[in-house]
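Notes to accompany the following structure.
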Amino acid sequence: MESLTASNGKRKPSGVASISRAIASALILVSAGCVYTVPFTDAQGRVITGSTATMETVTIGRIPQSIWFRGVSQANPALILLHGGPGISESALFRHYNSALEQQFLVIYWEQRGTGRSFHCEIPPESMTIDRFVRDLDEVVELVRRRFGKDKVILIGHSWGTVLGTVYVSRYPEKVAAYVGVAQIAEVPQSRRLSYEFALSEARKRGDTKALSELAEIGPPPSASVDDGLTVGNWVERFGGAFYADLSTGKLIWAALGTDEANLIDLVKFGQGNRFSLTQLEDEISQLDLSRHYRSFAVPMFFLLGRYDRHVPAILAEHYFERIQAPCKRLVWFEQSAHNPPFEEPDKFNEVMTQVVLPLTVGGCTN
């Protein structure tokens with residue numbers, strides 16, 4: 001049995017060990033306590049009439065899924081967030097970095113099946129398909145339309161979420177006021193090849209023998225497994241292809257845990273959901289080519305891209321954007337971002353959403 005030792009290598013007294021364990025357990029229980037979301041209040045502390053701030057569990061696609069509704073006014077345009085991954089909830093991150101959007105939009109934070117608090121061991125693996133996710137999204141859209149009296153919604157997808165958003169807009173344009181693709185996916189096989197080449201090139205430039213060894217052992221796509229893909233992704237992040245500025249996955253986790261809506265339970269479910277989702281969806285995602293099958297859209301299309309994104313190489317999204325046909329379309333570059341513009345340049349991101357996307361969505365736009 002493993003024992004606790006003091007800094008001088010001697011065994012701690014059993015009483016001290018027990019106290020240490022008790023304190024650690026207490027900290028975990030406190031950190032894993034109830035989550036909540038604060039209401040919108042005026043200067044006198046009264047809840048603002050017409051606002052909404054709730055965290056709910058709703059049956060979507062026959063399984064319970066976590067969804068939050070936040071906005072200072074329910075009359076504002078509805079904005080549904082489609083997080084990345086698959087299996088990576090970003091709700092708490094958007095709350096931390098982009099809560100300003102709640103002043104201009106009715107924001108819907110949805111944790112997709114197999115993600116975060118929407119992860120359950122009883123989810124049928126066979127239900128983890130892109131088509132099932134898109135049908136789940138349609139149920140979310142219908143819930144928003146019905147509950148808040150909306151004719152249409154705005155969809156914003158990040159990374160994996162752009163897959164759901166792109167397919168949904170193509171299928172149900174009559175329900176969508178505009179689509180915003182952040183770190184837009186275009187062609188997955190080519191994207192993975194470019195990411196691998198970036199990591200390998202950077203490893204050679206830096207003389208990083210560990211990276212070179214691991215990348216050589218994996219070999220270029222499409223031979224990589226889920227674990228191999230995660231390893232390549234880790235090197236892409238280390239070499240600046242996922243975060244351009246002083247940001248990292250670790251810092252994002254701490255930012256999420258610092259919100260009222262997340263705790264250690266979410267951190268545990270993050271790992272469970274991410275692994276489950278990646279494994280079940282890998283075969284379908286690995287062959288995905290949106291740029292070939294989805295080019296004509298009947299709604300305004302916006303791409304928000306990080307200049308230094310090598311995780312989902314922005315150059316492919318730029319080429320995809322050039323081939324898109326839509327009533328109007330806009331591409332906005334984030335010059336200090338890689339894969340995560342909402343969190344790397346939050347002020348600019350919020351400004352683009354409120355001063356570019358919102359006016360063109362509400363007032364209409366022309367190319």
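The values are calculated or read from the model by the stated rules, or taken from the named source; none is laboratory data. The shown structure was predicted, so the numbers you read here are calculated from the model rather than taken from an experiment. Backbone-built Cβ (ideal geometry, glycine too); neighbour counts: all protein chains shown.
Quick notes
- Identity of the residue in the range 286-317, of a type in the set (Val, Ile, Thr) and crowded, with 21+ Cβ neighbours inside 10 Å, that ends up farthest from Ala245 (Cα to Cα): Val299
- Residue list for the range 225-251, restricted to those being charged (D, E, K, R), part of a helix (DSSP H, G or I) and surrounded by fewer than 16 Cβ atoms within 10 Å (Cβ to Cβ): Asp227, Lys251
- Considering only residues in the range 178-224 that are of a type in the set (Val, Ile, Thr) and assigned to a helix (DSSP H, G or I), the one that is modelled with the lowest pLDDT turns out to be Ile218.
- For Gly306: the one exception among (1) in contact with a Pro (Cβ under 8 Å, 6 or more places away or on another chain); (2) within 24 Å of Thr115 (Cα to Cα): (2)
- The set of residues in the range 259-306 that are small (Gly, Ala, Ser) and either in contact with a helix residue (DSSP H, G or I) (Cβ under 7 Å, 6 or more places away or on another chain) or touching a residue at least 12 places away in the same chain (Cβ under 8 Å) (or both) comprises Ala262, Gly273, Ser277, Ser286, Ser291, Ser296, Ala298, Gly306.
- When residues of the range 122-177 are limited to those that are in a loop (DSSP other than H, G, I, E, B) and under 21 Å from the mean Cα position of the chain (by Cα), the one nearest to Val72 (Cα to Cα): Ser159
- Unique residue being modelled with pLDDT of 95 or more, closer than 28 Å to Arg132 by Cβ and not in a loop (DSSP other than H, G, I, E, B) when the list is Phe276, Phe270, Phe321, Phe349: Phe321
- Residue list for the range 270-307, restricted to those being over 30 Å from Pro359 (Cβ atoms) and either of a type in the set (Val, Ile, Thr) or in contact with a Lys or Arg (Cβ under 6 Å, 6 or more places away or on another chain) (or both): Thr279, Ile285
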